[in-house]
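> Supplied in structure tokens, the structure appears directly below.
The values are calculated or read from the model by the stated rules, or taken from the named source; none is laboratory data. These figures come from a predicted structure and were not determined experimentally. Cβ coordinates were reconstructed from backbone atoms using ideal geometry, including for glycine residues, and neighbour counts include every protein chain displayed.
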Amino acid sequence: MKRIASWLLGTVTAVTLLFGYHTSTSGPATASDTVVATPAAPQDTGSSGSGTSGSTSTSSGSTSSGTASTVTGSVASTRWGPVQVSITVTDGKITAVDVPQYPTGNGKDRQINASALPILTKETLSAQSADIDMVSGATVTSEGYVHSLQSALDQASL
């Protein structure tokens with residue numbers, strides 16, 4: 001009888017622990033989501049990016065400073081969190097790219113985006129368009145990035 005009771009108690013405990021454990025791949029954390037700005041690429045004439053934002057609306061805007069203007073694309077809602085791209089355009093050429101919003105729900109998101117976003121930014125500056133390659137291992141962020149980038153390019157009429 002003791003063996004049966006011990007076995008039953010152990011099984012119930014194991015099942016409870018198994019279903020109660022939250023892994024880093026459980027999806028984005030909703031209560032503690034924090035959106036952090038990436039380090040900005042070197043920019044011309046002192047223009048700046050949008051900074052941090054907790055909003056996930058799809059509104060966008062632009063500001064101009066002389067011949068340079070900063071255009072912020074719409075927020076792309078992805079599986080792991082929002083992605084938003086801001087570009088600085090000078091004389092019809094993209095001179096700087098900033099990513100004010102990107103997934104940071106867990107350590108894996110932060111690790112992936114720390115390496116993927118600089119690559120995507122560099123590709124954007126080289127291609128001068130949204131026709132860039134996806135970053136392997138960061139497909140979801142890459143797709144959101146391209147979507148928001150295309151929105152910014154459309155607003156800038158590029």
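> Whether any residue in the stretch 51-68 is farther than 26 Å from residue 137 by Cα, modelled with pLDDT of 85 or more and crowded, with 18+ Cβ neighbours inside 10 Å is what I want to check.
yes
> I would also like to ask the following. Return only the number of the condition from (1) over 21 Å from residue 158 (Cβ atoms); (2) touching a helix residue (DSSP H, G or I) at 6+ places or on another chain (Cβ under 9 Å); (3) surrounded by 14 or more Cβ atoms within 10 Å (Cβ to Cβ) that residue 105 does not satisfy.
(2)
> Something else now. If we scan the stretch 83-92, do we find a residue that is on the phi > 0 side of the Ramachandran plot and of a type in the set (Gly, Ala, Ser)?
Yes, the stretch 83-92 contains a residue that is on the phi > 0 side of the Ramachandran plot and of a type in the set (Gly, Ala, Ser).
> Something else now. Check 129, 115, 86, 74 and return the single one that is touching a helix residue (DSSP H, G or I) at 6+ places or on another chain (Cβ under 9 Å), without any contact (Cβ under 8 Å) to a residue 40 or more places away in the chain and of a type outside the set (Val, Ile, Thr).
Checking each option against the conditions leaves just 129.
Yes or no, residue by residue, for (1) of a type in the set (Ser, Thr, Tyr); (2) in a loop (DSSP other than H, G, I, E, B); (3) under 20 Å from residue 157 (Cα atoms):
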| residue | (1), (2), (3) |
| --- | --- |
| 87 | no, no, yes |
| 94 | no, no, yes |
| 100 | no, no, no |
| 112 | no, no, no |
| 120 | no, no, no |
| 126 | yes, no, yes |
| 134 | no, yes, no |
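> How many residues does the stretch 136-158 contain that are small (Gly, Ala, Ser) and assigned to a helix (DSSP H, G or I)?
Summing the residues that are small (Gly, Ala, Ser) and assigned to a helix (DSSP H, G or I) in the stretch 136-158 gives 5.
> Could you tell me which numbered condition residue 96 fails, if it satisfies all but one of (1) closer than 17 Å to residue 135 by Cβ; (2) crowded, with 19+ Cβ neighbours inside 10 Å?
(1)
> Okay, next question. Restricting to the stretch 69-112, name every residue that is among the small types (Gly, Ala, Ser) and more than 20 Å from residue 136 (Cα to Cα).
Residues satisfying the conditions are 69, 73, 74, 86, 92, 96.
> Across the stretch 113-158, which residue is surrounded by the most Cβ atoms within 10 Å (Cβ to Cβ) among those that are acidic (Asp, Glu) and over 23 Å from residue 69 (Cβ atoms)?
This residue is 143.
> Return the total of residues in the stretch 127-158 being small (Gly, Ala, Ser) and within 24 Å of residue 111 (Cα to Cα).
7
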